[in-house]
Every structure is written in C-alpha cells, then in structure tokens.
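Structure first, commentary second.
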Amino acid sequence: MATKISEEETSQILRTVEMFEAITESQPDDSQSLEILKEAYNKLDRQADSLRISRKLADAYVQLGQISQAILEYEGILKATVSTSPSPDDPKTRAALVELESKLASLTALQPSGAAPSAEGSKFRATVSAAPTGPSPALPRHKPADGDAALAEMLVAEKVATPDMIQPLLQRLRTERTAVLQKGQTLTLVQLLVDEQAAKLEDILVALVNRSGLPYLPLSVYDVDRDVARSLPRMVCFQHCIIPFDVISRSVLIATASPFDTAAQEQVRATVDYNPIWYISSPGDITNALRQAHGMEKQPKTEE
C-alpha cells in the first residue's frame with residue numbers, strides 16, 4: 001500500500017514528474033532520470049506509469065551494457081504484472097530476460113578466476129523523501145582552476161573554441177573570480193565565452209553533454225528546493241557554479257556548469273551524506289537559482 005503523502009508533497013512530485021518526463025523523452029538512455037521518474041510514480045501510486053518507465057529503464061540499461069541491472073528491471077516488471085494481471089508484453093519481457101541471463105552467464109564464464117563481480121548492479125533504488133539536515137562539516141579550500149583547464153581542453157578538442165580565444169579568458173578567471181564571488185555572483189569559462197561571443201551557449205552545452213555523458217537539465221523551469229540548495233556551503237556553490245536542487249531518497253541532484261571540476265565533486269562528497277547525481281545546466285540558470293535560494297536579488301541572465 002502506498003504511503004499517504006501531503007498535498008504539498010504531491011504537488012512537488014508532480015512537478016518532478018513533468019520535468020523528468022521531458023528529460024527522458026529527449027534523452028531515452030538517461031538511466032538516472034528514469035530511476036527518479038519511476039520512483040516518483042511509485043510515490044504517487046501510479047503503478048501503470050511506473051511499469052511503463054521500468055520498461056524504458058530496462059531498455060536503457062541494455063543500451064548502456066548494464067546487463068545485471070536490466071535483468072533486475074525485467075524481473076521487477078514480471079513480478080509486478082503477475083501480482084496484478086497478465087500483460088500482453090509478458091512474453092516479450094520473458095524472452096528479453098532469458099536472452100540477458102544467457103549473455104550474463106557467458107560474460108561470467110569469460111571472467112578470470114577470482115575476478116571481482118561487476119559493481120554496476122549497485123545503483124541506487126530511489127524513493128522521494130526529505131532533504132538532508134544538520135550542519136555541514138568544515139571543508140578545505142579548493143580552487144576550480146583545474147576544472148577550468150579541463151573544460152578548456154575539452155572545448156578546444158570539440159572545436160567549440162580555439163586556444164587563442166580561451167587563454168585570455170582563463171587569465172580573467174584567475175584574476176577576477178574572487179572579486180565577483182564577493183558580490184554574490186559566479187564567474188565561469190562558459191559564461192565568459194558566451195559574453196565575449198566567442199561561442200554559443202547551445203554549442204557549449206551540447207559538447208558538455210556529449211563528452212561528460214551527463215544529462216542536461218533546464219534548471220530555470222525546475223522548482224528548486226531551497227533547503228536542499230542551502231545544504232552545501234554558499235561559497236562552495238558560487239565558487240564552483242554548482243547547486244544541489246532536489247533530493248530523491250538517498251540521492252541528491254546537483255546542477256553544474258563544469259562537469260570536469262573534480263574539486264567541486266570532492267567538496268560535495270565531503271559535505272553531504274547522499275549519493276550525488278549530476279546534471280548539466282547553464283551558469284546563468286545556476287547563478288539565478290543560487291541567488292534565489294540564498295535570498296539575494298535575481299541576477300539577469302547574461303548568456304542570451
């Protein structure tokens with residue numbers, strides 16, 4: 001029996017459903033978003049929709065080569081349909097399950113003796129719940145310079161920008177970032193490239209998604225949970241242009257404008273006792289969401 005939820009929580013989950021339906025429609029192999037969507041439907045007790053997403057999730061795992069996860073999804077689908085009524089898709093699901101089990105057995109037979117089992121079956125099973133509470137631990141100071149360099153290298157490799165364009169901007173980041181942070185704003189390589197008309201925001205975002213493998217999320221239309229957004233130290237978020245925007249069970253959803261910023265990832269791991277799930281968003285959207293979450297005036301978007 002589904003747990004009774006309040007009208008406010010129902011409204012929030014429905015907004016989450018609307019957002020992640022759009023994301024998974026454009027990015028059908030985004031298993032993280034499909035997991036979130038499936039559990040949101042479970043929370044709403046919409047089992048038909050949950051099964052529909054489970055089938056999509058199983059297909060996504062197959063495409064991603066995560067065989068044991070796909071098997072678990074197909075087994076869950078069969079168990080759910082047997083407990084209610086037979087489904088026309090049951091024979092297809094059973095056939096897919098048999099094929100995957102055979103493939104997994106073949107892969108296991110090829111493993112060297114004593115090899116450790118694959119860890120890909122350890123992905124979270126999410127349900128919607130409250131944000132983390134409690135004070136954040138003290139953190140060492142990290143600078144995002146290495147993340148800037150990695151991002152610059154990627155953009156040059158993808159031919160989105162040239163070294164001649166990027167080098168002066170990297171210098172500006174080093175000299176201007178501190179002053180900008182003191183004003184409660186962010187300064188990123190992506191933002192500077194767009195402001196200087198050296199590259200289009202759309203081209204940069206496409207390159208980020210393609211090279212990082214992370215899904216894109218239009219944060220400007222997402223109802224950011226302010227309590228979750230404040231679960232990371234404000235200076236860390238502004239310095240690295242990141243924002244935690246929602247919590248799904250033991251996972252925290254985080255938007256970033258630089259997915260190659262390993263210092264930001266270290267800060268998150270050291271601060272929150274949740275499994276981070278990263279999404280790519282534009283720096284303007286992240287900055288506006290941060291300022292709203294921390295009670296600052298909304299900053300006009302600069303990259304449009």
Rg [Å, one decimal], Dmax [Å, integer] - segment 145-293, C-alpha atoms: 14.5, 45
Size of electric dipole in segment 211-265: Cβ of Lys, Arg +1 and of Asp, Glu -1, about Cα centre, debye, nearest 20: 120 debye
Mean Cβ count within 10 Å, highest first, over the residues of peptides 196-203, 185-192, 273-280, 6-13: 185-192, 273-280, 196-203, 6-13
FRET efficiency, residue 98 to residue 266 (Cβ-Cβ, R0 51 Å, nearest 0.05): 0.75
Derived scalar couplings ³J(HN,Hα) [segment 153-158; Karplus, 6.51 cos²θ - 1.76 cosθ + 1.60; whole Hz; x for Gly, Pro]: 4, 5, 5, 5, 4, 7
Amide H contacts of residue 216 (H built 1.01 Å from N, under 5 Å, at least 5 apart or other chain): 280
Qualifying aspartates and glutamates (Cα of each under 12 Å from Cα of residue 200; at least 8 residues distant if same chain): 303, 304
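Taking the Cα centre as origin and putting +1 on Lys and Arg beta-carbons and -1 on Asp and Glu beta-carbons, what dipole magnitude results for segment 145-293, to the nearest 20 debye?
Computed about the Cα centre, the dipole is about 320 debye.
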Aspartates and glutamates with Cα under 16 Å of residue 79, excluding same-chain neighbours fewer than 8 positions away: 49, 89, 90
Karplus (6.51, -1.76, 1.60) ³J(HN,Hα), θ = phi - 60°, over segment 61-68, in Hz, Gly and Pro reported as x: 4, 4, 4, 7, x, 8, 5, 5
Cα-centre dipole for segment 7-105 with unit charges at Cβ (Lys and Arg positive, Asp and Glu negative), debye to 20: 360 debye
Square roots of five times the Cα gyration tensor eigenvalues for segment 7-105, Å: 25, 17, 9
Integer Hz, Karplus 6.51/-1.76/1.60 couplings in order for segment 247-259, x for Gly and Pro: 10, 10, 6, 9, 10, 10, 8, 10, 9, 9, 9, 9, x
At R0 = 35 Å, FRET efficiency that the Cβ-Cβ distance of residue 14 and residue 79 yields, to 0.05: 0.85
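Each reported figure results from applying straightforward, stated rules to the coordinates on display, with no laboratory input. Small disclaimer: the values here were computed from a predicted structure and weren't measured. Because the Cβ atoms are built from the backbone with ideal geometry, glycine has one as well, and the counts that use them run over all protein chains shown.
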